Amino acid sequence: MDFPSAIIYIIPILAVWAGFGFVWFTKPKNNHNIKLLLAFSGAFLLSLTFFELLPDVYNGHEPKTIALFILGGILLQVFLEFFSKGAEHGHMHFHLEKNKFPVVLFISLSIHALVEGVPIHDNDSILYGIIIHKIPIAIILSIFLINSKMKLTTTLLFIGAFSLMTPLGSYISTSQIVANYGHLLTALAIGVFFHISTIILFESAQGHAFNLRKLVVIILGIGIAYLV
C-alpha cells in the first residue's frame, strides 16, 4: 500500500499522541502488557530492517562505506543513550527537576526520532515499523512525564515537539541538499534500528528466564514483518 505523502508525515505524529492519549485516559497501573508490545515492536522493526532496508542500501553502493555508516548509527545511539538513559527502548531512569523542561532528554530523543524518520519516505513498510515502535515508547514516556508531576503544559509541549521530529527527519531526507546522501543517512538509521531493536529483544526476558508470551510475540513480529 502506497501512502500519500502527507499521510507519511501525519501518521508518526498521531502515533505519539495515541500513546499519550492512552495513558491520559486509561491511567495504566503497570507496563507489563506494554513490554510485550515493545518486544513485538523490536522484533518487527529489526526484521523490516533485514528484509527491506539492508538489501536496498547496499544495492549499487560501496559496501565498506555503508557498513561504516551502519556502525556509526550504532555508536550514535549508544552516545544518545548516555543522555536519555535508554528511553528509546522503554527505560525511564531519567531524573527530572520539578516543573523544568527536560532539555537533555528532549534533545537526545529528538535526534533519535529525526534519524528514524529518514528511511520512511522511500519505504511504506518501514512506516509500519516506526509506528509500532513509537506507540509503546510514547506510552512509557507519557507515564513517566505524567507521574513526574510536571506541569501539564510542559508535558504537552514535550509530547507535541517530540511528535514532530520523525516527520521532520523524513522531510529533511527529501530535500535537494540531502538527497544525494540519502543512502548514507539510511545506513545511519539502520545502525540506530539495530541497536534499539536488539536491546529490546535481549532485555525481553527478565533475568534471562524463559517467557513463552514474549517468545510468541517476537515470533509474530518476525512473521508479520516478512508478510508486509
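The values are calculated or read from the model by the stated rules, or taken from the named source; none is laboratory data. If you're wondering where the values come from, they're calculated on a predicted model, not measured in any experiment. Backbone-built Cβ (ideal geometry, glycine too); neighbour counts: all protein chains shown. For the accessible areas, the whole protein counts, side chains as well, though only heavy atoms, and no ligand, DNA or RNA atoms are used. Shrake-Rupley method; radii C 1.70, N 1.55, O 1.52, S 1.80 Å.
Couple of notes before you dig in:
- Among residues of segment 98-125 being part of a helix (DSSP H, G or I) and among the polar types (S, T, N, Q), the one that is nearest to L185 (Cα to Cα) is S110.
- The helices (runs of 4 or more DSSP H) falling completely within segment 1-78 that include 2 or more residues that are in contact with a Lys or Arg (Cβ under 9 Å, 6 or more places away or on another chain) and modelled with pLDDT under 90 map to 32-48.
- Test: residue in segment 80-95 that is open to solvent by 30 Å² or more (accessible area, probe 1.4 Å), modelled with pLDDT of 90 or more, under 24 Å from L168 (Cβ atoms) and touching a helix residue (DSSP H, G or I) at 6+ places or on another chain (Cβ under 9 Å): no
- Residue count, segment 34-51 (criterion: over 22 Å from V118 (Cα atoms) and among the small types (G, A, S)): 1
- Residue under evaluation F210, criteria (1) at pLDDT below 80; (2) open to solvent by 70 Å² or more (accessible area, probe 1.4 Å); (3) assigned to a helix (DSSP H, G or I), criterion not met: (3)
- Residues that are within 23 Å of I219 (Cβ to Cβ), surrounded by fewer than 22 Cβ atoms within 10 Å (Cβ to Cβ), aliphatic (A, V, I, L, M) and at pLDDT 90 or above do not occur anywhere in segment 106-118.
- The helices (runs of 4 or more DSSP H) located wholly in segment 126-186 that include 3 or more residues which are modelled with pLDDT of 90 or more and either open to solvent by 40 Å² or more (accessible area, probe 1.4 Å) or closer than 16 Å to I10 by Cα (or both) occupy 152-163, 165-174.
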